[in-house]
Amino acid sequence: MKRVTVLGATGSIGRSTLDVMARHSGRYELYAATAHSNLDELLSICIKHRPKFAILATDAGAADFKQRLRDAGLSTEVRVGVEAMCEASSAKDVDVVVAAIVGAAGLTPTLAAVNSGKRILLANKEALVMTGGLFMDAVRKHGAELLPIDSEHNAIYQCLPEAAQRLNDSASLAAHGVTRVLLTASGGPFRHFSREQLQQVTPVQACKHPNWSMGRKISVDSASLMNKGLELIEACWLFDLAPGSVQVHLHPESIIHSMVEYVDGSILAQMGNPDMRTPIAYGLAWPERVDAGVEPLDLFSIGKLHFEKPDKERFPCLRLAEEAFALGGTAPAVVNAANEVAVDAFLQGGIRFVDIPVVIEKSLLKGSIVRADSVETVIEADRVARQYASEAINELAGGVVIP
Ligand code: NAD
Ligand code: MG
């Protein structure tokens, strides 16, 4: 029996994880579940999965939540705050940590799992983008087993020989005959929108992803291609690749989740219906395979697969992420933080969709980029970038409110 902590249990990835776990209740047991504000859903999770701990991000509603657990006859203990999340990620009794908190808020509890050498199913790409080399050094130092469950990175992982899958090993992928990684992207809901059309898009449109059902922040990131920018950085760190050997391919059907090219001319692709339960089941059971509850792929009904080059002019977020990675140091953390603030402002109707890259670029130019020599340095860069991003939002013509 593997004991699992799910960080961000009430989110899209959290729900998919619990679904897979419930299909294999003889193999996986929920140790701790964390949530930010959806306490109704956390309660349902506790009733169904009976974890040892339920962890709330803040103490808002904690007393009432404890009472509701008691009323339901549950012995789940309630804890509050980041420290409690770190304990749930590093506890001796825990085997697997699913890192599915959205954004920089997931960094500290994810690192706690890394530093305790757990198997980590990484969805929270922002944590890796922010701390890059520090994160990967900690994986190697503590012998953590890092399994990417971002669908593209999971696909790449699946297309590697087992010897190359040990991400805490130092051998480069080139030594295994890998020449390039082809990172696929759906292109999001605005793939064919003109610049003029992009000026008018609303949060509701941005969150309506054509193929995937996801949280709001990552949905906007997919629409702006910032998600692909973050994923490019994620791929470089995970697989120790230079950015030049990762090529983004728009693939609107989202059937091929990414590909690996080898020196002999072969390209291996991982395919499947766009359902996060596939990479999650893979990460939970690796190196075995278990049923994920995912519909088998019917290629006859899909018929054709298409590929296009991304347009970094209409979607400057991809370019900004590339530039930040090239700058190095704290630049990716700055871009990530400014993006989080800008996406939040867009979702609240404070800025336009096309203002997101403007806010990020201003924040990147304003701050000084330093060497990311400690997690504290990165967290400070994140804090300052949020300040700059808020200032940039205020400067933007007082904000254009979208109806
Ligand atoms: P979501 O918004 O559906 O869920 C986010 C989770 O994080 C929730 O459980 C919420 O309670 C928690 N959370 C939010 N703010 C918090 C805070 N300040 N402190 C503690 N917890 C907090 O998001 P999601 O779509 O599940 O995405 C989660 C992560 O997985 C993101 O990093 C995203 O990029 C990544 N990811 C998601 C998908 C997907 O299909 N949804 C695919 C690949 C990667
Ligand atoms: Mg992805």
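The values are calculated or read from the model by the stated rules, or taken from the named source; none is laboratory data. Bear in mind that the values here come from a model prediction, so they are computed numbers and not experimental data. Neighbour counts run over all protein chains shown; Cβ positions are idealised from the backbone, glycine included. The accessibility values were calculated without ligands, DNA or RNA, using every heavy atom of the protein model including side chains. Shrake-Rupley method; radii C 1.70, N 1.55, O 1.52, S 1.80 Å.
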### Query
Which value in deg cm²/dmol, rounded to the nearest 500, describes the helix-derived mean residue ellipticity at 222 nm for the chain, given -39,500 (n - 2.57) per DSSP H run of n ≥ 4 and division by the residue count?
-14000 deg cm²/dmol
### Summary
Fraction of alpha-carbon pairs in the chain farther than 37 Å apart, rounded to whole percent, equals 19
## Note on the structure
Candidates GLY106, GLY293, GLY11; GNM for the chain (alpha-carbon contacts under 10 Å) flags as most fluctuating GLY293
### Message
Tell me the carbon and sulfur percent of the accessible area for the chain, rounded to whole percent, probe radius 1.4 Å.
### Response
51
### Anchor LYS118: lysines whose Cα lies under 28 Å away (excluding residues fewer than 8 positions away in-chain)
LYS2, LYS48, LYS52, LYS92, LYS141, LYS217, LYS228
## Note on the structure
Expected max-MSF residue from THR184, THR131, THR76 in the GNM of the chain (alpha carbon, under 10 Å) is THR76
### Query
Hey, what's the Kirkwood Rh for the range 1-85 if you take every pair of different alpha carbons, in angstrom?
12.6
### Task
Excluding VAL290 itself, calculate the net charge of residues whose Cβ lies under 11 Å from the Cβ of VAL290, where each Lys or Arg counts +1 and each Asp or Glu counts -1.
+2
### Task
Would you kindly calculate the mean projected area, averaged across all directions, of the convex hull enclosing the Cα atoms of the range 110-172, in square nanometres?
3.9
### Overall Cα dimensions of the range 268-312 - principal axes, largest extent first, Å
36, 29, 18
### Task
Evaluate the charge dipole of the chain about its Cα centre and quote only its size in Debye, nearest 20, assuming +1 on the Cβ of each Lys and Arg and -1 on the Cβ of each Asp and Glu.
480
### Query
All other residues with a Cβ under 12 Å from the Cβ of MET1 taken together, and with Lys, Arg as +1 and Asp, Glu as -1, what is their net charge?
0
### Task
Rounding to the nearest 20 debye, state how big the charge dipole of the range 1-122 is about its Cα centre with +1 on each Lys and Arg Cβ and -1 on each Asp and Glu Cβ.
440
## Note on the structure
With DSSP loop assignment and no more than 13 other C-beta atoms within 10 Å, the GluC sites (Glu not before Pro) in the range 267-364 are GLU288, GLU313
### Task
Percent of Cα-Cα pairs per 10 Å bin, from 0 to the last occupied bin, for the range 50-185, please list those.
11, 36, 30, 15, 7, 2
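Percentage of Cα-Cα pair distances in the range 287-403 greater than 20 Å, rounded to whole percent?
Details: 3651 of 6786 pairs.
Considering the range 287-403, 54 percent of its Cα-Cα pairs are separated by more than 20 Å.
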### Message
Report the Cα centroid-to-centroid distance between the range 15-71 and the range 357-391 in angstrom, as an integer.
### Response
34
### Query
Dividing the alpha-carbon Rg of the range 293-335 by 2.2 N^0.38 Å yields what?
1.93
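Are there trypsin sites (Lys or Arg not before Pro) in the range 343-387 that DSSP marks as loop and that have at most 12 other Cβ atoms within 10 Å, and which are they?
ARG371
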### Message
Could you work out the pair-distance distribution P(r) of the range 222-375 from its alpha-carbon pairs, with 5 angstrom bin width and percents rounded to whole numbers?
### Response
2, 8, 14, 17, 16, 16, 13, 9, 4, 1, 0
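About the Cα centre, and with charges only on the beta carbon of Lys, Arg (+1) and Asp, Glu (-1), how big is the dipole of the range 174-221? Nearest 20 debye, please.
Charge dipole, the range 174-221, about its Cα centre: 40 debye, nearest 20.
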### Query
Which of the aspartates and glutamates could be linked to LYS366 by a straight reach, that is with a Cα gap under 14 Å, when you skip same-chain ones fewer than 8 residues away?
ASP382, GLU391, GLU395
